[in-house]
1. Would you call residue 24 surrounded by 11 or more Cβ atoms within 10 Å (Cβ to Cβ), at pLDDT 85 or above and of a type in the set (A, V, I, L, M)?
2. Taking into account only those residues within the stretch 52-74 that are in contact with an Asp or Glu (Cβ under 7 Å, 6 or more places away or on another chain) and not in a strand (DSSP E or B), which is nearest to residue 13 (Cα to Cα)?
3. Among the residues of the stretch 102-118 satisfying the criterion of being surrounded by fewer than 13 Cβ atoms within 10 Å (Cβ to Cβ) and under 13 Å from residue 61 (Cα atoms), which is farthest from the chain's Cα centre (by Cα)?
4. Looking at (1) at pLDDT 85 or above; (2) not assigned by TED's automatic domain parsing to the domain that holds residue 12, which one does residue 106 not meet, given that it meets all the others?
5. Among the listed residues 219, 240, identify the single one that is at pLDDT 85 or above, within 21 Å of residue 209 (Cβ to Cβ) and touching a strand residue (DSSP E or B) at 6+ places or on another chain (Cβ under 8 Å).
6. So, in the stretch 3-32, of the ones that are among the charged types (D, E, K, R) and part of a loop (DSSP other than H, G, I, E, B), which residue ends up nearest to the chain's Cα centre (by Cα)?
7. Considering 134, 48, which residue is crowded, with 17+ Cβ neighbours inside 10 Å and either at pLDDT below 85 or of a type in the set (A, V, I, L, M, F, W, C) (or both)?
8. Considering only the stretch 85-101, state which residues are over 8 Å from the mean Cα position of the chain (by Cα), more than 16 Å from residue 185 (Cα to Cα) and either outside the structural domain of residue 64 (by TED's automatic domain parsing) or not in a helix (DSSP H, G or I) (or both).
Amino acid sequence: MSPDAAYYIVLWKEGASVWAWDEAALRTELQRAERDDLIAAPRAPETLVQAPEITADGLRLAACANGFDGQLWRNGEIVGSRWWRERPSEGDWLLFAESVGGSVAHSGAPSPMTPAGLTRAWRQNDWRPQNAELIDKRVAFWIAAGATALSLSGAAFVAGVEITHTRLQERVSQLEKEVAPVRAAHRRVMLANAELKEISAPIKGIEGLTVMSAVAAVLNTAGVKANGVELRDGKIVISLPRAFAPNADRVLRLLEEEPGISRARLTSNASNAGDVQIEAELEGLS
């Protein structure tokens, strides 16, 4: 950690929450704003000056003074959090929920809520008193452990702690390697579900999956393979490799024959000049 950093640590039953910030930069900003009266004031994370969730367990999205804070609460304790500058997308929210072990009861991030503000932090810094000198946690631990070991007349205690700590680290590392593929697969499934919901939503009265199926049939009949198919702003956008340019006219004709699809045309592809891009309008089905 940078020597200019300050931090705030809260210890929970099953872990810890750590907030860190650039104290030198903060002091500079306070001086620039002519708020020298706040330079020596105690610091606290915004999360801890918002009313805690003590009535229900689960996920919540809190609106902050700057950005949004995703939080997972259990038994009145915050067991996971993630900050975003902008409101998180559905995919970002699903990844966050999966990473902290929360369950998503509905699609997309919940509506942001604004917790009541508090006059002081509802949990104090468990690591050091406010405005105390910074002490390296590891050094403090080994000083205490060394003193205890000497009082027990031997260094075996310190060695035993170090060995146990090393074994725990190795076990945690091994478990992380074993679990990583499962977590990655779970993440892919959640993202795929989010994409499925998106393309399944009706667009101008047409089911997204219906459109995709129709386009797949058209491409198969025309004997071409697409580099990409998108539903964008009420349009279907198809990108064909340049090798299939001679088949583009047939694709256009076949698209015009599909119910709910009209005005099929060739357009420029700014993202990939090597592709032939086709756009068509989607119209509601009666």
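1. Numbers: surrounded by 11 or more Cβ atoms within 10 Å (Cβ to Cβ): yes; at pLDDT 85 or above: yes; of a type in the set (A, V, I, L, M): yes.
Yes; evaluated as a whole, the condition is true for this residue.
2. 64
3. Ranking the candidates gives 114 first.
4. Among (1) at pLDDT 85 or above; (2) not assigned by TED's automatic domain parsing to the domain that holds residue 12, residue 106 violates only (1).
5. Working: 240 fails: within 21 Å of residue 209 (Cβ to Cβ).
Step by step, each of 219, 240 is checked, and only 219 is at pLDDT 85 or above, within 21 Å of residue 209 (Cβ to Cβ) and touching a strand residue (DSSP E or B) at 6+ places or on another chain (Cβ under 8 Å).
6. Looking only at the stretch 3-32, we keep the residues that are among the charged types (D, E, K, R), and these are 4, 13-14, 22-23, 27, 29, 32.
Checking which are part of a loop (DSSP other than H, G, I, E, B) leaves us with 4, 13-14.
Numbers: 4: 27, 13: 24, 14: 22 Å.
Step by step, filter the stretch 3-32, then rank; the result is 14.
7. Details: 134 fails: crowded, with 17+ Cβ neighbours inside 10 Å.
The conditions single out 48.
8. Of everything in the stretch 85-101, those that are over 8 Å from the mean Cα position of the chain (by Cα), more than 16 Å from residue 185 (Cα to Cα) and either outside the structural domain of residue 64 (by TED's automatic domain parsing) or not in a helix (DSSP H, G or I) (or both) turn out to be 85, 86, 87, 89.
The values are calculated or read from the model by the stated rules, or taken from the named source; none is laboratory data. What you are looking at is a predicted structure, and each value in this text was computed from that prediction instead of being measured. For neighbour counting, all protein chains shown are included, and Cβ atoms are generated from backbone atoms with ideal geometry for every residue, glycine included.
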